[in-house]
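Let me begin by presenting the structure, written as structure tokens, before commenting on it.
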Amino acid sequence: MPFGKYAGRVLIDLPEEYLLWFDKKGFPEGELGKLLQLCLALKIEGLDSVVKPLKEM
């Protein structure tokens, strides 16, 4: 995450509550917003664990 309270964190590691806040207030424009939306969808569906092995590469 490039800014805010969670600056420096990997997007998939952001708390679901934070992503839901963006969903309510509006995601940023561009690629960052799309990636945040994807992270939220993965977390809602319980698929965020699928991404975890990729972080280790």
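The values are calculated or read from the model by the stated rules, or taken from the named source; none is laboratory data. Just so it is clear, the structure is predicted and the values come from calculations on it, not from any experiment. FYI the Cβ positions are ideal-geometry reconstructions off the backbone, even for glycines, and counts take in every protein chain you see.
General remarks:
- The stretch 43-57 - residue that is part of a helix (DSSP H, G or I) and modelled with pLDDT of 90 or more and, of those, surrounded by the fewest Cβ atoms within 10 Å (Cβ to Cβ): Ile44
- Pairs where the first residue, in the stretch 23-42, is assigned to a helix (DSSP H, G or I) and small (Gly, Ala, Ser) and the second is surrounded by 13 or more Cβ atoms within 10 Å (Cβ to Cβ) and modelled with pLDDT of 95 or more, C-beta under 9 Å, 6+ apart: Gly33/Phe22; Gly33/Phe27
- Taking each residue of the stretch 44-57 that is closer than 11 Å to Val10 by Cβ and looking for partners that are part of a loop (DSSP other than H, G, I, E, B) and among the aliphatic types (A, V, I, L, M) with beta-carbon atoms closer than 8 Å, six or more apart or interchain, yields Lys55/Val10.
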